[in-house]
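A.B. asks: Structure provided below as structure tokens; questions to follow.
Rule-based calculations on the coordinates, nothing more; no lab input. Small disclaimer: the values here were computed from a predicted structure and weren't measured. Positions of Cβ are backbone-derived with ideal geometry, glycine not excepted, and every protein chain shown enters the neighbour counts.
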4 protein chains.
Amino acid sequence: MPTGRPRDPQIDAAVLEAVLGVLDEAGYARLTIEEVARQAGTTKPAVYRRWPTRQHLALAALASRLGDSPVPDTGCTLCDLGEGILVFVAAFRRIRPGVLAALFADCAAVPELRDAFLTTLFEPPRTAVGRMLDRAVDRGDLRADVDRALVLDMLSSLVHHRALFGPAPITDDDVAHAVEALMAGIAVDYPRLLAHSRALSDPHHLHT
Amino acid sequence: MPTGRPRDPQIDAAVLEAVLGVLDEAGYARLTIEEVARQAGTTKPAVYRRWPTRQHLALAALASRLGDSPVPDTGCTLCDLGEGILVFVAAFRRIRPGVLAALFADCAAVPELRDAFLTTLFEPPRTAVGRMLDRAVDRGDLRADVDRALVLDMLSSLVHHRALFGPAPITDDDVAHAVEALMAGIAVDYPRLLAHSRALSDPHHLHT
Amino acid sequence: MPTGRPRDPQIDAAVLEAVLGVLDEAGYARLTIEEVARQAGTTKPAVYRRWPTRQHLALAALASRLGDSPVPDTGCTLCDLGEGILVFVAAFRRIRPGVLAALFADCAAVPELRDAFLTTLFEPPRTAVGRMLDRAVDRGDLRADVDRALVLDMLSSLVHHRALFGPAPITDDDVAHAVEALMAGIAVDYPRLLAHSRALSDPHHLHT
Amino acid sequence: MPTGRPRDPQIDAAVLEAVLGVLDEAGYARLTIEEVARQAGTTKPAVYRRWPTRQHLALAALASRLGDSPVPDTGCTLCDLGEGILVFVAAFRRIRPGVLAALFADCAAVPELRDAFLTTLFEPPRTAVGRMLDRAVDRGDLRADVDRALVLDMLSSLVHHRALFGPAPITDDDVAHAVEALMAGIAVDYPRLLAHSRALSDPHHLHT
DNA sequence: TGCTAAGCGAGACGGTACGTCCCGTCTTAAT
DNA sequence: ATTAAGACGGGACGTACCGTCTCGCTTAGCA
């Protein structure tokens, strides 16, 4: 049972907010405990008591921003995949370019941090899209022998790659094209899927 | 016409070697000019004369490691793509995980560095694979209306993603699967390509 | 009321010791903050926090070596002068030749440092011998009209000169001879002083 | 027989002049080969070809300034000593305070430089005054058993000490007082000397 | 109510690495 | 062979900021 003076919860919130402010305005390289403490109106030891390193701090702050992604389930495999991917594309767009790469690089060497990074920031949308693929297999839209993990990687890596290294984040059209090209290779009956998608969403933007 | 004492080329080599040593053993975060100079048996000013920042230094060192990739051209589209990608997969495998991400994050904000990074480290294999796609279109293996840039992104991002964030670098089998799934969606006559590939390489490892 | 982490007194001592080590073994020209920090097992900022310049550092270290000189007071003017001078001669002998000259040269241009040098290193023995001269006047051993400051300069400059520029530091005999020659010119009754001195100290070494 | 392009003697002169300029205006600590070369309108290698070190350079420059001191010989021991000392006092007054001390400190560790320093800068006036003392002994003005080297040291050290460490260089009156106090202790018949001196120089300034 | 233990703001600490200055040397092309 | 010119290899500089520690005070829960 903890004795002594309890921690001031306002400091927790103020620090996380300050971290997001620094990351958005200056990037991960400028994320110093000293600056965070200053912007949060507190002191370095108060921060260090809560998060042992800059990495933990950044992870906690970014996790608090990227909330749960709603998973669309309309019955249209192509539509769901496209929309589902765009949901987490939108989430990543809210993080300043370079921040994720720098943070990951800083975490890569420490298994605990590496796992925390992946679990916190990369896993949720990946799981969501994975569930869509499962449903597509169940519906008979997708060949059952496809390596779902690989397909997930191909889709998410495209998003991440363009977010991290591209001249610009991926566009909605690019997502649609990519989904279509990939699905054409692994769907049971791609023309039917496409027709279904068009019937549902025309004159929506999500088609070739 | 350059006058004055010429630069000692041994120092150039020793510094680049020291940089690779530090990157391999300790990662980009531990790459300090002071440590590099110490390991190279020289001093900081000698390093600063050659490369103005840590970023330039790391770029030069990594570029010296990733030599030119030979582009296979056997006439078999599937084989060439698979082998060509594996060539630069192998190159990236020689770089400690996290190093590229950290370096890119450090370069992202400065256009000159960002361009240097992409040109030096990402462009060459991308160009090589792009040429393969062009040849495939010329041969009539690939539909002419595909967005080659997007296909390139899908392939290279998969490699990079697994190199950067994956629990392990991508395997040869995964590359083969990915190429096949993707080509199935965008080839003019995929079964013919597959048959050709098998005829050539059976009992090679590069097939489903 | 001082707040913050208190300074580690062991570092103070280690640094001063390291300074004396460098001065003794290599001289003032080799006294660099970096080397001192290295030998003291600490770092440059820790040194700079304590002493702002190399000059302050050297002054502090030398002052810590030259402790207070006890002032003899036996009633014998000749003996006291001779012994009193030898006390600080001995002190200067503990400093490597050239160190004082170089340090002073470095301090000469800055009044604060110049005063600190003189006050710390030259003043104490000078004051002590000055008190002896006062007592000698009080006792009627010395003519009251002599310029005490000039006499002090003649004695101390002899010591310093030989310490700084001589082929060897001044000897005890030289001190005795110099005191006798000078006192012969300014004493009220020199033969009496000499007789008194011999009566006291025979067969001591302090006589012609 | 020297072949090749002959050395430009104007560079020798320009360099020495530049050295004196730097020493007078900035002191020994600021005497760098680079600055000397710049002020002399030449380059560093041209300086290094002529004088191997900064010490040699400073010695040569100062020696070129301190010309031969004329030795007065009027027959009046007190007058000659006083005037003779003032001659080299005047010479030292032309050198910025601290320069000699710093230079000596820099030379002290190398026997060759140390000897060059003493021979070039300190010996000439000392020899001159030494000759005066010899004449005084010959004339019967001075006791033959005095240690001439010690007397020389007492006089010259007084001058040097005040030049180096005093709040002001020694005054003419101080020199007179010091000579008189010292001679009173070692002359054969001091009152006679004093009378002779006054007879010659009254109402000159050189007496008590 | 008084004691104890932990959190708090404040700020100096020990230390790493920085980027720069200027040293004395070396190389080149021309004289 | 010496010259002017200028870049080189290198030692040391003084600084910025890191993450840690110590302080004196404040704030609860336990006795």
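A.B. asks: Put the label 7 Å from Cα along Cα→Cβ for D:GLY140; what are its distances to the other copies, in nanometres, shortest first?
C.D. replies: Once sorted, the set of distances for D:GLY140 reads 3.6, 13.9, 14.8 nm.
A.B. asks: Right, next: Indicate the gyration tensor shape class of segment C:119-198 (rounded, prolate or oblate), computed on the Cα atoms with a ≥ b ≥ c the square roots of the eigenvalues: a/c under 1.5 is rounded; otherwise a/b larger than b/c is prolate and the rest oblate.
C.D. replies: oblate
A.B. asks: Compute the Cα gyration tensor for segment C:52-124, then decide on rounded, prolate or oblate, letting a ≥ b ≥ c be the square roots of its eigenvalues: rounded whenever a/c is under 1.5, prolate when a/b is larger than b/c in the other cases, and oblate in all that remain.
C.D. replies: prolate
A.B. asks: Related question: Got a sec? Which residues in segment B:108-130 would a label at B:VAL87 touch, if it sits 7 Å along Cα→Cβ and we count backbone N under 20 Å?
C.D. replies: B:118-130
A.B. asks: Would you give the gap between the C-alpha center of segment C:68-108 and the C-alpha center of segment D:79-125, rounded to a whole Å?
C.D. replies: If you average the Cα positions of each part, the centres end up 23 Å apart.
A.B. asks: To confirm my reading of the symmetry, which residue of chain D has the Cβ nearest the axis that brings D onto B, and what whole-Å distance does it have?
C.D. replies: D:PRO45, 4
A.B. asks: At B:ARG5 and D:GLU25, where each label point lies 7 Å from the Cα along Cα→Cβ, what is the point-to-point distance in nanometres?
C.D. replies: 2.9
A.B. asks: Here's another thing I want to ask about it. How much net charge surrounds D:MET183 when only the other residues with a Cβ under 11 Å from the Cβ of D:MET183 are counted, with Lys and Arg +1 and Asp and Glu -1?
C.D. replies: That sum, taken over residues with Cβ under 11 Å, equals -2.
A.B. asks: How big is the charge dipole of chain C about its Cα centre, in debye rounded to the nearest 20, if each Lys and Arg gets +1 on its Cβ and each Asp and Glu gets -1 on its Cβ?
C.D. replies: 760
A.B. asks: Averaged over its residues, how many other protein chain Cβ atoms are within 10 Å of peptide D:116-122's Cβ atoms?
C.D. replies: Neighbouring Cβ atoms belonging to other protein chains average 1 per residue here.
A.B. asks: Okay, moving on. Just the projected area, averaged over all directions, of the convex hull on the alpha carbon atoms of segment D:1-118: how many nm²?
C.D. replies: 9.9
A.B. asks: Oh, and also: Find the relative contact order for chain B and round it to a whole percent, using C-alpha pairs within less than 8 Å whose residues are 6+ positions apart.
C.D. replies: 21
A.B. asks: So if we plug the beta-carbon distance of C:THR32 and A:ARG131 into 1/(1 + (r/R0)^6) with R0 = 41 Å, what FRET efficiency do we get, rounded to 0.05?
C.D. replies: That pair, C:THR32 with A:ARG131, gives E of 0.05.
A.B. asks: How large is the dipole of segment C:65-125 about the Cα centre if only Lys and Arg carry +1 and Asp and Glu carry -1, each at its Cβ, rounded to the nearest 20 debye?
C.D. replies: 360
A.B. asks: What are the residues whose amide H is under 5 Å from the amide H of D:LEU142, where those residues sit 5 or more places off or on another chain and H is modelled from the backbone?
C.D. replies: D:VAL137, D:VAL188
A.B. asks: At a Förster radius of 45 Å, what calculated FRET efficiency corresponds to the Cβ-Cβ distance of D:ARG65 and D:ASP189, to the nearest 0.05?
C.D. replies: Efficiency, rounded to the nearest 0.05: 0.65.
A.B. asks: In addition: Sorted from largest to smallest, which semi-axis lengths in Å does the alpha carbon gyration tensor of the protein assembly as shown give for its equivalent ellipsoid, taking the root of 5 times each eigenvalue?
C.D. replies: That gives 91, 32, 19 Å for the three semi-axes.
A.B. asks: In addition: At 7 angstrom along the Cα-to-beta-carbon line, where would the label on D:ASP172 sit relative to the other copies? Give the distances in nm, shortest first.
C.D. replies: 4.4, 10.2, 10.3
A.B. asks: If you average 1/r across every pair of different Cα atoms in segment B:53-208 and take the reciprocal, what Kirkwood value do you get, in Å?
C.D. replies: 16.4
A.B. asks: A further question on this structure: Enumerate cysteines in chain D without a disulfide-compatible partner, where compatibility requires another Cys Cβ under 4.7 angstrom.
C.D. replies: So, D:CYS107.
A.B. asks: Counting only helical runs of four or more DSSP H residues, what would the 222 nm mean residue ellipticity of chain B come to if each run contributes -39,500 (n - 2.57) and the total is spread over all its residues?
C.D. replies: -21000 deg cm²/dmol
A.B. asks: Between rounded, prolate and oblate, where does segment C:1-68 land on the alpha carbon gyration tensor, with a ≥ b ≥ c its root eigenvalues, rounded for a/c under 1.5, else prolate if a/b exceeds b/c?
C.D. replies: Note, shape of segment C:1-68 comes out prolate.
A.B. asks: Mind giving me the nanometre distance, one decimal, between the label points for A:GLN39 and B:ALA13, set 7 Å out from Cα along Cα→Cβ?
C.D. replies: Going by the 7 Å Cα→Cβ label model, 4.7 nm.
A.B. asks: Right, here's the next one. Along Cα→Cβ at 7 Å, what distances in nm separate the B:PRO9 label point from those on the other copies, shortest first?
C.D. replies: From this label point to the equivalent ones elsewhere in the assembly: 4.8, 6.1, 6.8 nm.
A.B. asks: Another one. Tally Lys and Arg at +1 and Asp and Glu at -1 over the other residues with C-beta under 11 Å from the C-beta of A:GLN39: what net charge comes out?
C.D. replies: Taking every Cβ under 11 Å from that of A:GLN39, the sum is -3.
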